[in-house]
Amino acid sequence: MSESPAPVVDRVLVVGGGITGGVLSLALAQRGVEVVLVDLRASLGGVGHGITLQGNALKAFRSVGIYDRLAERGYPFSHLRLRTADGHVIAEIPTPPMGGPDLPGTMGAVRGDIADILAEEVVAAGVDVRLGTTLTAIDDRGGSVVVTLSDGTTETVDLLVGADGIRSKVRGMIGIDAEPRPVGMGIWRTVAKRPPEMDCSELYYGGPKYKAGYTPISEDLCYAFLLEENLDRSFVGEGPNGAVLKERGQGYGGTWGDVRDSLAEDAVVNYQWIESICVDSPWHRGRSIIIGDAAHACPPLIAQGAAMCAEDAVVLAEMLTSGEHASVEEVLPAFMARRFPRVKMVLDNSLTLADWEIHPDTPGADPGRIMGQTLHALVEPA
Ligand SMILES: Cc1cc2nc3c(=O)[nH]c(=O)nc-3n(C[C@H](O)[C@H](O)[C@H](O)COP(=O)(O)OP(=O)(O)OC[C@H]3O[C@@H](n4cnc5c(N)ncnc54)[C@H](O)[C@@H]3O)c2cc1C
């Protein structure tokens with residue numbers, strides 16, 4: 001009788017319960033690994049905003065069993081349309097089957113739905129979730145890591161994973177010296193009513209700002225955005241609202257203009273600078289590793305950030321438990337070697353797109369081509 005493959009970890013501490021840490025915790029728990037998940041927030045559930053999930057993100061979600069629940073609420077589609085600022089169609093790009101032939105190319109979703117589903121499934125899978133908690137010290141003893149938590153307790157684990165986002169604390173604590181940097185553009189985002197004719201993500205180029213666009217995220221809702229230069233906080237105000245976005249978004253027609261005009265003056269609007277980070281030296285030190293946005297975060301211009309995060313999580317869980325590797329020390333460099341070329345390609349292409357959107361007269365600038373190329377390259381499994 002053949003024995004089941006031996007995981008190289010029995011117990012793992014995950015810092016951060018966003019998409020990366022949530023999917024990783026779930027994937028590990030489903031493979032019989034004990035997981036402690038700590039997060040600074042008081043609840044893992046989410047609020048508001050929309051997100052565009054490409055097929056490879058959906059494939060990762062399906063592998064941990066949360067796709068069906070998400071699909072009940074999200075809005076699937078399989079193409080991307082580019083328009084001029086006044087609404088005329090420039091091109092329609094079919095989204096390739098990045099998650100395989102039986103998943104939609106793309107799905108719009110409410111971020112809060114992903115967070116809520118992950119939070120419930122993580123608990124149901126037996127993950128030990130500690131909220132309002134962070135780590136204060138890491139003692140790597142070679143055969144294990146002893147982590148001190150902010151509640152004064154210690155955890156002895158086989159692996160520490162920092163999935164604590166672009167401003168990762170774990171990154172600095174394990175001696176990785178990298179900080180996010182502004183890309184040179186800011187994004188306005190809001191959730192609005194979905195007009196019936198909106199059937200996929202659309203991007204409007206050539207208007208007074210860098211770009212406008214939207215994604216349908218449910219039967220009833222869409223997520224609209226506007227990209228422009230980095231604005232000073234004093235200009236934006238502490239609570240940007242529909243009135244401000246209506247003013248900033250003048251000069252766009254078509255459905256985007258209709259969505260803008262439909263916004264209530266006091267609609268909830270978010271504005272933030274876009275940042276990126278790429279840790280190109282090893283993501284690991286001893287028995288600790290950073291993954292997801294903590295290691296690589298791209299500007300959201302190809303809508304691949306969360307997909308790269310979810311892929312990281314699924315691939316790491318698989319490599320730690322498949323029995324193909326003899327030790328944690330063997331898995332961590334092999335994991336980075338497998339993931340880095342893919343995340344770097346997405347990051348570099350997203351940064352090129354950002355540059356072209358800021359400088360649209362750049363010779364050879366062709367956003368549709370680079371988006372298409374990137375998505376086609378991602379049909380290759382993670
Ligand atoms: C404006 C914008 C739009 C985007 N749109 C898309 C899109 O359409 N499609 C897409 O695929 N991607 C998109 N992305 C990217 C995507 O949102 C991120 O890549 C992804 O959410 C990152 O997930 P994460 O879990 O790695 O980090 P985070 O979501 O940042 O989660 C980190 C978690 O760690 C916790 N934490 C932080 N510090 C600590 C600490 N010291 N101790 C304990 N816990 C801690 C936080 O509370 C949080 O729960 C977008 C990003 C931005 C900025």
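Centre-to-centre separation between the Cα atoms of the stretch 273-349 and those of the stretch 77-98: 29 Å. At the residue level, Asp177 shows approximately 150 square angstrom of accessible surface with a 1.4 angstrom probe and all protein chains present.
With Cβ to Cβ distances under 11 Å as the rule, what net charge do the other residues near Gly99 carry (K, R +1; D, E -1)? That sum, taken over residues with Cβ under 11 Å, equals 0. Approximating the spin labels as points 7 Å out from Cα along Cα→Cβ, the Ala243-to-Ile358 distance works out to 3.2 nm. Taken along the Cα-to-beta-carbon direction at a fixed 7 Å, the label points for Ala6 and Ala264 span 6.1 nm. Sequence-distant contacts, meaning Cα pairs under 8 Å at least 6 residues apart, place the relative contact order of the stretch 1-148 at 31 percent. Computed with a 1.4 Å probe over protein heavy atoms only, the accessible area of Trp273 comes to about 110 Å². Using a probe of 1.4 Å, the accessible surface attributed to His325 totals some 40 Å² when neighbouring protein chains are kept in position. Which one, Thr20, Val315, Met345, projects farthest toward the positive side of the charge dipole computed for the chain from Cβ point charges (K/R +1, D/E -1)? With unit charges placed on the Cβ atoms, the residue in question is Met345.
Dimensions of the chain based on its C-alpha atoms, expressed as ranges along the principal axes with the largest first, amount to 63, 48, 41 Å.
Rg/Rh for the stretch 183-275 stands at 0.94; both radii use Cα atoms, and Rh follows the Kirkwood definition. Taking the Cα centre of the stretch 183-275 as origin and assigning +1 to Lys and Arg Cβ atoms and -1 to Asp and Glu Cβ atoms, the resulting dipole is close to 140 debye.
DSSP beta bridges fully contained in the chain are about 70 percent antiparallel. Shape of the stretch 284-325 from the C-alpha gyration tensor: oblate (a/c of 1.5 or more and a/b not above b/c, with a ≥ b ≥ c the square roots of its eigenvalues). Solvent-accessible surface of protein heavy atoms, probed at 1.4 angstrom with all chains present, puts Arg167, Arg369 in the order Arg167, Arg369, largest first. Each helix, a run of at least 4 DSSP H residues, gives -39500 (n - 2.57); summed and divided by the residues of the chain, these come to -10000 deg cm²/dmol at 222 nm. Among Gly152, Gly48, Gly165, the largest mean-square fluctuation in a Gaussian network model of the chain, built with springs joining Cα atoms closer than 10 Å, belongs to Gly152.
A 1.4 Å probe run over the stretch 183-275, with the rest of the protein chains in place, finds 41 Å² accessible per residue. Site pair Arg338 and Glu219 shows an inter-label distance of 4.0 nm when each label is modelled 7 Å from Cα along Cα→Cβ. Counting only C-alpha contacts under 8 Å and six or more residues apart, can you give the relative contact order of the chain as a whole percent? In percent, rounded to a whole number, it is 23. Think of the stretch 210-342 as a dipole: +1 on every Lys or Arg Cβ, -1 on every Asp or Glu Cβ, centred on the Cα centre; then among Pro333, Gln272, Pro300, Pro333 lies furthest on the positive end.
What the Cβ-Cβ distance of Asp128 and Val89 gives, at R0 = 51 Å and to the nearest 0.05, is a FRET efficiency of 0.50. Partner aspartates and glutamates whose Cα lies under 16 Å from the Cα of Lys59, excluding those fewer than 8 positions away in the same chain, are identified as Asp68, Glu72, Asp102, Glu311, Asp312, Glu318, Glu380. Fully extending the segment from Gln30 to Glu275 would add 84.9 nm, taking 0.36 nm per residue of separation and subtracting the current Cα-Cα distance. Placing unit charges on the Cβ atoms of the charged side chains and taking the dipole of the stretch 1-61 about its Cα centre, the candidate lying farthest along the positive direction among Pro5, Asn56, Gly32 is Asn56.
Here are some pairs, Lys246/Lys344; Lys169/Lys344; Lys169/Lys211; Lys211/Lys246; Lys193/Lys344; which of them have Cα atoms lying more than 24 Å apart in this structure? Beyond 24 Å: Lys246/Lys344; Lys169/Lys211; Lys193/Lys344. A 1.4 Å probe over all protein chains sorts Arg141, Arg287, Arg339 by accessible area into Arg141, Arg287, Arg339, starting with the largest.
Taking amide H atoms as placed 1.01 Å from N in the peptide plane, the amide H of Ala267 lies under 5 Å from those of Gly242, Ala243, each 5 or more residues away in sequence or on another chain.
The charge dipole of the chain, taken about its Cα centre with unit charges on the Cβ atoms of Lys, Arg (+1), Asp and Glu (-1) only, comes to about 240 debye.
The values are calculated or read from the model by the stated rules, or taken from the named source; none is laboratory data. Because the structure is predicted, anything quoted here is derived from the model rather than measured. When we count neighbours, we look across all protein chains shown, and the Cβ atoms used for this are built from the backbone with ideal geometry, even at glycine. Ligands, DNA and RNA are stripped out before the accessible areas are found, and what is left, the full protein with its side chains, is counted by its heavy atoms. Shrake-Rupley method; radii C 1.70, N 1.55, O 1.52, S 1.80 Å.
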